Amino acid sequence: MRSADVIIVGGGPAGSSCAWRLKQQGVDCLIIDRERFPRHKLCAGWITPGVVEDLELDIGAYPHRFLSFNKLLFHFPLLGFRPLTMQHSIRRYEFDAWLLERSGAPVETHTVRTVCSEGSDYVIDQRFRCRYLVGAGGTRCPVYRNLFRKANPRAKRKQVVTLEEEFPYDYSDDRCHLWFFDKGLPGYAWYVPKAAGYINVGIGGFATRLKERNDDIKPHWHRLTRMLERKRLIRGHDFAPKGYSYYVRGNVECCRIGNAFLTGDAAGLATKDMAEGIGPAVRSGLMAADAIVNGASYDLQRIARKSFDARRLAVSALLRTPYSA
Ligand SMILES: Cc1cc2nc3c(=O)[nH]c(=O)nc-3n(C[C@H](O)[C@H](O)[C@H](O)COP(=O)(O)OP(=O)(O)OC[C@H]3O[C@@H](n4cnc5c(N)ncnc54)[C@H](O)[C@@H]3O)c2cc1C
């Protein structure tokens, strides 16, 4: 049986941030992930200045694709606006592997199935043992499933369904476009360029609200790709999107039981307005580490529920003044 003081299940942004902070404090920790990194993770790869700050990222020294936007182009059915706000894009394939390596933590490739407590320890699949356990396994996190689900059933109405594709593309428009509520979509679509000729396009919406309208995400995806062709943003590409669903911020408020913590998507922390989950994943991973190392409180109320203050964003777009969170 392999033992570590802290075991982190999941090596995405939540898990690697937690491990990075723990290793900085000299804590013995181990990450377990079912996939070998670099691995593909469906995600537009938009990151906020808060992520850069929390990760103490030196943008100039980051060795992979990193693109900054000094405004976002918001399109609504009848109007559009362009708030001046500094945001960034990365490729998750590169970013996650880099963060994991930077954490300095050992990584085991293993699919976690069962987690149980034995005295003051947690035992995973009868193969791993630890005093502290961090659930960072995303939407289907086994720590959530085994220890937290009863206390925190997921709120169906907070589930979003998505379709997206990321591919090499020699784009001519390097701005980030977002289209909201087109044809009643309870969500939005995106066009997110990456540095050095990559693009990510996708669409997401609340599953229950789509169902209530007898609607499905697929026709919205087809409408999006036709619109991208018509606007000449993407031409001549044979789209092959992949789907994924996850939960935005809802009622998952019990995020610590004993010495077990839930972080990132496992806790359903993506923002309510934009379904932005990287920032909350990083922040919660760091907070879990601080709670383990120096007994800091692990209080998810300190993590923002929304990416933007819509009113301030609109005002800054009208006045052409920079918006910052
Ligand atoms: C289409 C789409 C677009 C998105 N776009 C954005 C965006 O632009 N910006 C943004 O901020 N957020 C975005 N998000 C949300 C964002 O991707 C997530 O919120 C974020 O990845 C959460 O990080 P995490 O570390 O909690 O989980 P994850 O990144 O999902 O990492 C979880 C890890 O756990 C591992 N794991 C899972 N189960 C097991 C198991 N049983 N055993 C061992 N390991 C396991 C997985 O392999 C994975 O590596 C998007 C999501 C989707 C689906």
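The values are calculated or read from the model by the stated rules, or taken from the named source; none is laboratory data. Because the structure is a prediction, the values reported are computed rather than measured. Quick reminder, even Gly has a Cβ in these numbers, built from the backbone with ideal geometry, and neighbours come from all protein chains shown. The accessibility values were calculated without ligands, DNA or RNA, using every heavy atom of the protein model including side chains. Shrake-Rupley method; radii C 1.70, N 1.55, O 1.52, S 1.80 Å.
Numerical summary
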item	result
Conditions (1) touching a residue at least 12 places away in the same chain (Cβ under 8 Å); (2) open to solvent by less than 50 Å² (accessible area, probe 1.4 Å); (3) more than 10 Å from the ligand (Cβ to nearest atom): number failed by MET86	(2)
Residue within the stretch 61-69 that is more than 12 Å from the ligand (Cβ to nearest atom), open to solvent by 60 Å² or more (accessible area, probe 1.4 Å), in a strand (DSSP E or B) and under 27 Å from ASP290 (Cα atoms) present	no
Among the residues listed as VAL315, VAL282, the single one being in a helix (DSSP H, G or I), crowded, with 21+ Cβ neighbours inside 10 Å and among the β-branched types (Val, Ile, Thr)	VAL282
Test: residue in the stretch 5-15 that is part of a helix (DSSP H, G or I), over 30 Å from LEU313 (Cβ atoms) and near the ligand (Cβ under 8 Å from one of its atoms)	yes
Identity of the residue in the stretch 17-56, of a type in the set (Asp, Glu) and in contact with a helix residue (DSSP H, G or I) (Cβ under 8 Å, 6 or more places away or on another chain), that ends up farthest from the ligand (Cβ to nearest atom)	ASP54
Subset of the stretch 117-167 (residues that are assigned to a loop (DSSP other than H, G, I, E, B), among the aliphatic types (A, V, I, L, M) and out of contact with any Leu (no Cβ under 9 Å at 6 or more places or on another chain))	ALA151, ALA155
Neighbours by Cβ (under 8 Å, 6+ apart or cross-chain): first from the stretch 210-238, over 26 Å from LYS156 (Cα atoms) and open to solvent by 70 Å² or more (accessible area, probe 1.4 Å); second modelled with pLDDT of 95 or more and acidic (Asp, Glu)	ARG235/GLU229
Residue in the stretch 239-256 that is farthest from the ligand (Cβ to nearest atom), counting only those that are among the small types (Gly, Ala, Ser) and open to solvent by 50 Å² or more (accessible area, probe 1.4 Å)	ALA240
Odd one out for ALA105 among (1) open to solvent by less than 20 Å² (accessible area, probe 1.4 Å); (2) part of a helix (DSSP H, G or I)	(2)
